[in-house]
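Undergrad: Right, I'll just put the structure down here and ask away after.
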């Protein structure tokens, strides 16, 4: 699970919705510039499960901030890649300022999660390995969660196929498929297939990610494949699929959601 620790703290993220045929062609094009994620499993496509519990309050304040396009907004999520109790989960803060995405992450012991969600009071021993940076991220996560009384709302599940620059992850391209949602029942886990519901997503979610300038070859790829940038928020889409009350609120905004 070493790949789960690698995270760029600030980068640009551009999203596109494409069909499967175009996804395969883009994969072939991108392989001239990027290598498969070295930590992904050795399967035909190297895809892996991404499962996140998104936090929000009773009034869905974070969801509303996304829908109304507030400039200084954030998401709180707990990400896990498997159900192995020995592996960490990742408390993540994702902020967006225009096109720039800023992330902070802390690798947390699973046995600490229930208490953290009840009390918002982090301890050094909650981390898999203590570092000032990691503990600072966990403290900030808990401060933000406490400020809105955030609790687990919705699981967001998908399969990710990822490619990145061979010497770093400063440039990254991902395909996300099979988006599914499940309600949070108080247990941090990967929900079983029978518990998940698949929202209607018109294609594969392609994300282009880079820390500095938009790479020239990516610009060329966008032109060659006539890619139209879009906004697509997985958390909002999953809320819409799961909750009829939320769906009534979210439906008018569903085409204009900021990522």
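Undergrad: Compute the acute angle (0 to 90°) between the alpha-carbon long axis of helix 132-148 and the principal axis of greatest extent of the alpha-carbon atoms of the chain; round to the nearest 10°.
TA: The two axes meet at around 70 degrees.
Undergrad: Quote the Stokes-Einstein diffusion coefficient, in whole µm² s⁻¹, for segment 2-253, based on the Kirkwood radius over alpha carbon pairs, a temperature of 20 °C and a viscosity of 1.002 mPa s.
TA: Working: Rh = 18.9 Å.
D = 113 µm²/s.
Undergrad: Quickly work out the residue 39-to-residue 130 label distance, labels modelled 7 Å from Cα along the C-beta direction, and quote it in nm with one decimal.
TA: Going from the residue 130 label point to the residue 39 one covers 2.3 nm.
Undergrad: Which angle from 0 to 90°, rounded to the nearest 10, does the C-alpha axis of helix 20-30 make with the longest principal axis of the chain?
TA: 80 degrees
Undergrad: Still on this structure: Find the eigenvalues of the gyration tensor of the Cα atoms of segment 128-186, then list the square roots of 5 times those eigenvalues as equivalent ellipsoid semi-axes, largest first, in whole angstrom. If you can, show how the numbers build up before the last one.
TA: Details: eigenvalues 147, 103, 17 Å².
Semi-axes (√(5λ), whole Å): 27, 23, 9.
Undergrad: Hey, can you rank 144-157, 183-196 by average C-beta count inside 10 Å, highest first? If you can, show how the numbers build up before the last one.
TA: Numbers: 144-157: 19.2, 183-196: 13.7.
Packing proxy ranking, top to bottom: 144-157, 183-196.
Undergrad: How much of the calculated P(r) for segment 125-241 lies past 22 Å, in percent of all Cα pairs?
TA: On the way: 3819 of 6786 pairs.
Counting pairs separated by more than 22 Å, the tail of P(r) holds 56 percent.
Undergrad: Report, in deg cm²/dmol and to the nearest 500, the calculated mean residue ellipticity at 222 nm for the chain, where each DSSP H run with n ≥ 4 adds -39500 (n - 2.57) and the sum is divided by the residue count. It would help to have the intermediate numbers written out before the result.
TA: Numbers: 7 runs with 67 residues, N = 259.
Result for the chain: -7500 deg cm²/dmol, rounded to the nearest 500.
Undergrad: Okay, moving on. Could you check the simple spin-label distance between residue 114 and residue 223, using points 7 Å along Cα→Cβ, in nm with one decimal?
TA: According to this spin-label approximation, the distance is 5.8 nm.
Each reported figure results from applying straightforward, stated rules to the coordinates on display, with no laboratory input. Please read these numbers as outputs of a predicted model, since none were measured by experiment. Reconstructed Cβ throughout: ideal geometry from the backbone, glycine too, with neighbour counts over all protein chains shown.
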